[in-house]
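Shown next, in structure tokens, is the structure this report addresses.
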Amino acid sequence: MQGYAAAYARQAMAYIGQIIGYKAQWEEDGKRYMEKRNPGGYMFSNADLRRLIFPLIVEQILAVSVGMVDTMMVSSVGEAATSGVSLVDMVNTLFINIFAAVATGGAVVSSQYLGQKRQDRACQSADQLLIITGILSLAIMAVCIVFRRELLSLLYRGVAEDVMRNARTYLVISAVSYPFLSVYNSCAALFRSMGNSKISMQASIIMNMINVIGDSIFIFIFRWGVAGAALASLISRMAACFILLLRLRNRNLDIHIGTSLKMNRRMVRQILHIGIPNGIENSIFQLGRVLVVGIIAMFGTTQIAANAIANNLDGMGVLPGQAMSLAIITVVGRCVGAGDFKQADYYARKMMKATYLISGLCCIAVILTMPFTLKLYGLSQEARRLGGILVLIHNGCAILIWPASFCLANVLRAANDVKFPMCVSIGSMVVFRIGFSFLLAAGLGMGAVGVWWAMIADWVVRSSFFAWRFFGGKWKTFYVRG
């Protein structure tokens, strides 16, 4: 028996030796496969980038579709309602970009901490981000509700009373959704910092489904018009906010919330160091857009409605670029956190090439489908015709200029180089987008067409400065390890 036992033991040891050998071989094969899939040992494989970027593109499409669905459905009520929603959408976009700017600051800080393998700090920064955005959004909500008449009158003088009445209604209900929207944006940014954009995409899908169903019920059944569209958006944003908050409480995630509810001044400064310049830049950018819409409003309701159509459709062409901008924060920020600027440079170039390719195809698709999409709007033939011209100007030029004008700036921000893009964007906005708009639209009587050509001039200037900064390499000198 002892002989049989010894024989079985020797055989078992031989099998174990073979298994260990196979395991070592499997590991070696796996390493070779990963090296082939991701040459140079870089942080993100092509599959990793696809898992990050594809859900972001879907999410951006869905984010734009909320406003698009509202505009399309409200257009059945008339041009006054459509114009009122359009005017407030510009104001909403102004505040949404402030929330997104602060969320970007949090995403950069969290990504850099993950690059440093400091999960505890990343979780703390997540809590600080939600505290900041919550306080900020509540303050903005209160100002918009209390001073709604003064705010709209200041921005849009001379607008017809029926348009202004619809705008006030839409603004009040939209303002109530700001806290939910700001927290949702922050949570989505934190998931992107982990390289997991699938969760926020799923929440966005649910948000859009609720919005479409709500619009259909409130506008077509209850006949609540502009108020119905705003209420549907409010409910959908509340749902998306609570979904992401619950998901972020999962302690198994690299970044989760609930670790500390106390204000950490050091982390708040880190977040605001990036968020404030980005917020100032985005705020002035959107304020400039609001001002030029005020110029368009002087030319009548038809041009306001045409501008609303163009803002809906042209955004579809640059959605991949917007998604890539968000992905750049995660990828480049992680590389910068690890102190590896070689990889940061590599991924920045790689993602910019992909942005140009995909955005170009999308812009061409939007242009080719305009004969069909313009018919979805229940507006006058003149409004649709002018809207088509504006879309052609925007998307035709965006193929060559837009990615460098907007995506490249996020490479700089991810490396803490935040003041340069802020100064360039503000200067270009004031001189070219606003100054040229007055000259071409009001001075030469070109109306909305002149405003949109001024926008193209702004793009050219921005892209030139950002390209000079990136290729010069100065952006690599601003990183400070936390």
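The values are calculated or read from the model by the stated rules, or taken from the named source; none is laboratory data. Note that the structure is a prediction, hence the values are computed from the model and not measured. Here the Cβ positions follow ideal geometry from the backbone for every residue, glycine too, while neighbour counts run over all protein chains shown. Only protein heavy atoms, including side chains, enter the accessible area calculation; ligands, DNA and RNA are left aside. Shrake-Rupley method; radii C 1.70, N 1.55, O 1.52, S 1.80 Å.
Observations
- Residue-span extension gain [Leu439 to Val143] - 0.36 nm each, minus C-alpha spacing: 103.3 nm
- Approximate spin-label separation Ser216-Val431, in nm, with each point projected 7 Å along Cα-to-Cβ: 5.1
- Per-residue surface analysis assigns Leu231 an accessible area of about 50 Å², computed on protein heavy atoms at 1.4 Å probe radius.
- C-alpha center-to-center spacing [segment 268-302, segment 135-208] in angstrom: 14
- In range of the label at Ser76: residues from segment 346-377 whose backbone nitrogen is under 16 Å from the point 7 Å along Cα→Cβ: 375-377
- Projected label distance in nm at Trp468 and Arg266, using a 7 Å step from Cα toward the beta-carbon: 3.8
- Loop-located trypsin sites (Lys or Arg not before Pro) in segment 116-179 (DSSP state other than H, G, I, E, B) with a sparse environment of at most 14 neighbouring Cβ atoms within 10 Å: Lys117, Arg157.
- Degrees, to the nearest 10: 341-373 long Cα axis against longest axis of the chain: 40
- Per-pair calculated FRET efficiency, R0 = 30 Å: Asn46 and Ile364 via Cβ, rounded to 0.05: 0.75
- For the chain, projected area of the alpha-carbon convex hull averaged over all directions, nm²: 27.7
- Kirkwood-Stokes translational diffusion coefficient of segment 361-407, alpha-carbon pairs, 20 °C, 1.002 mPa s, µm²/s: 187
- In the context of the full protein assembly, Val172 retains an accessible surface of approximately 40 Å², using a probe radius of 1.4 Å and ignoring ligands and nucleic acids.
- Computed E for Phe54/Phe478 - FRET, C-beta separation, R0 22 angstrom, nearest 0.05: 0.10
- Largest to smallest in accessible area, the residues Phe478, Phe406 fall in the order Phe478, Phe406 (1.4 Å probe, all protein chains included).
- Reference-scaled alpha-carbon Rg (2.2 N^0.38 Å with N residues) for segment 397-482: 1.25
- Extension gain for the segment Cys423 to Val172, taken as residue separation times 0.36 nm less the Cα-Cα distance, is 87.1 nm to one decimal.
- Applying 1/(1 + (r/R0)^6) with R0 = 25 Å to the Cβ-Cβ distance of Asp340 and Leu400 gives a FRET efficiency near 0.20.
- Cα Rg, Dmax, segment 330-482, angstrom units: 18.5, 58
- Accessible area of Tyr356 (1.4 Å probe, protein heavy atoms only, ligands and nucleic acids ignored): about 80 Å².
- Folded to 0 to 90 degrees: helix 301-317 orientation relative to the chain principal axis, Cα: 10
- Heavy-atom accessible area ranking, 1.4 Å probe, most first, across His256, His273: His273, His256
- Mean projected area of the convex hull spanned by the Cα atoms of segment 209-255, taken over all viewing directions: 3.5 nm².
- Annotation: per residue accessible area for segment 81-124 equals 23 Å², rounded to a whole number [probe 1.4 Å, protein chains only].
- Which of Val293, Val143 is most accessible, then next, and so on - probe 1.4 Å: Val143, Val293
- With every protein chain in place, segment 245-326: carbon and sulfur % of accessible area (1.4 Å): 56
- Only helical runs count toward this figure. For the chain, summing -39,500 (n - 2.57) over DSSP H runs of n ≥ 4 and dividing by all residues gives -28000 deg cm²/dmol at 222 nm.
- Mean projected area (nm²) of the alpha-carbon convex hull when segment 355-437 is viewed from all directions: 7.0
- Counted by Cβ distance under 11 Å from Ser204, the other residues give a net charge of +1, where Lys and Arg count +1 and Asp and Glu count -1.
- Normalised convex hull volume, segment 63-137, alpha-carbon set, Å³ per residue: 87
- Global form of segment 302-420, assessed from the alpha-carbon gyration tensor, a/c cut-off 1.5: prolate
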